[in-house]
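Student: Quick one: the structure is below, questions incoming.
Coordinate-derived values only; no laboratory data. Keep in mind that this is a model prediction, so the values were computed, not measured. Cβ atoms come from the backbone with ideal geometry, glycine included; neighbour counts cover every protein chain shown.
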Amino acid sequence: MNFHRVAKSLFEAAMLKRLKRTGYAYLGTGSESVAAHSFGVVYAAWLLASLTPEADTTRVIKMALLHDLAEARIGDLNSVNKLYDTVDEERAFSDALSGLPIEEEARELVREYLAQESLEARLVHDADQLDLIVMLKEQKDLGNPYAPRWLSYALRRIQTEIARSLAQAILETDWASWWLDHFVARDEKA
């Protein structure tokens, strides 16, 4: 095994920590790195897979880990950029995975994800949208007037019923309630 090749792959993946998601410039507020987004996608994908008994959870998590790896090479193209720019995402994935001990499995997972034909691929796609919906709901709750319009676009892209149900719950939940409710309940007891 060529450990230097593996080391280079780790540096490439680390690049995602520094690459910013570009859509927030158009939204006007918010910011996150591609790596931060990828974490949210992996977590959402795991949750979706756990709520879908017929899904292969391990496959879903691995696919989610890979879903934006090519962005270290091609950047994060938002919807406006995609109107004018084209990239060879498959080649970027292929080059990124070449020579790694996970190459064969990862290439198959990427092909499956890009084809969007399996349940697992659709769950990862939906996890990608759910992570965006979480961020947009936060921006909406904080007063961004454009977030609701973006939310409607993201909601339309969801493919599975389980993700639609989770998206609805996200929309009905205040972004700060996960921690704020704890303090409210504690203060009411006092």
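Student: Residues that are closer than 26 Å to T58 by Cβ and touching a helix residue (DSSP H, G or I) at 6+ places or on another chain (Cβ under 9 Å): does the range 19-30 have at least one?
Tutor: Within the range 19-30, the subset closer than 26 Å to T58 by Cβ is none.
No, every residue in the range 19-30 fails to be closer than 26 Å to T58 by Cβ and touching a helix residue (DSSP H, G or I) at 6+ places or on another chain (Cβ under 9 Å).
Residue by residue, here is whether (1) closer than 16 Å to M135 by Cβ; (2) crowded, with 16+ Cβ neighbours inside 10 Å; (3) aliphatic (A, V, I, L, M) holds:
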{"site": "L10", "(1), (2), (3)": "no, no, yes"}
{"site": "Y26", "(1), (2), (3)": "yes, no, no"}
{"site": "G30", "(1), (2), (3)": "yes, yes, no"}
{"site": "G40", "(1), (2), (3)": "yes, yes, no"}
{"site": "L51", "(1), (2), (3)": "no, no, yes"}
{"site": "T58", "(1), (2), (3)": "no, no, no"}
{"site": "N81", "(1), (2), (3)": "no, no, no"}
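Student: Output the residues belonging to the range 37-70 that are over 12 Å from the mean Cα position of the chain (by Cα) and among the charged types (D, E, K, R).
Tutor: Hits for the range 37-70 are E54, D56, R59, K62.
Student: Out of (1) farther than 18 Å from D128 by Cβ; (2) small (G, A, S); (3) assigned to a helix (DSSP H, G or I), what's the single condition that is false for A45?
Tutor: Unmet condition: (1).
Student: Going residue by residue through the range 48-65, is there one that turns out to be within 22 Å of D95 (Cβ to Cβ), touching a residue at least 40 places away in the same chain (Cβ under 8 Å) and in contact with a Phe, Trp or Tyr (Cβ under 6 Å, 6 or more places away or on another chain)? Can you show your working first?
Tutor: Here is the first cut: in the range 48-65, the ones within 22 Å of D95 (Cβ to Cβ) are 62-65.
Among the residues that remain, those that are also touching a residue at least 40 places away in the same chain (Cβ under 8 Å) are: 62-64.
Still in the list and also in contact with a Phe, Trp or Tyr (Cβ under 6 Å, 6 or more places away or on another chain): 63.
Yes, because at least one residue in the range 48-65 is within 22 Å of D95 (Cβ to Cβ), touching a residue at least 40 places away in the same chain (Cβ under 8 Å) and in contact with a Phe, Trp or Tyr (Cβ under 6 Å, 6 or more places away or on another chain).
Student: Over 22 Å from L48 (Cα atoms), out of contact with any strand residue (DSSP E or B) (no Cβ under 7 Å at 6 or more places or on another chain) and not charged (D, E, K, R) - does that describe any residue in the range 132-141? Spell out how you get there, then give the answer.
Tutor: Applying the first criterion (over 22 Å from L48 (Cα atoms)) to the range 132-141 yields 139-141.
Right, trim to out of contact with any strand residue (DSSP E or B) (no Cβ under 7 Å at 6 or more places or on another chain) and you get 139-141.
Among the residues that remain, those that are also not charged (D, E, K, R) are: 139.
Yes, that holds for at least one residue.
Student: Would the range 73-88 turn up any residue that is closer than 29 Å to I162 by Cβ, assigned to a helix (DSSP H, G or I) and among the acidic types (D, E)? Steps first, please.
Tutor: The first filter runs over the range 73-88 and keeps only residues closer than 29 Å to I162 by Cβ, leaving 76-79, 82.
Going one step further and asking which of them are assigned to a helix (DSSP H, G or I), we end up with 79, 82.
Next cut, among the acidic types (D, E) only: none.
The answer is no; no qualifying residue exists.
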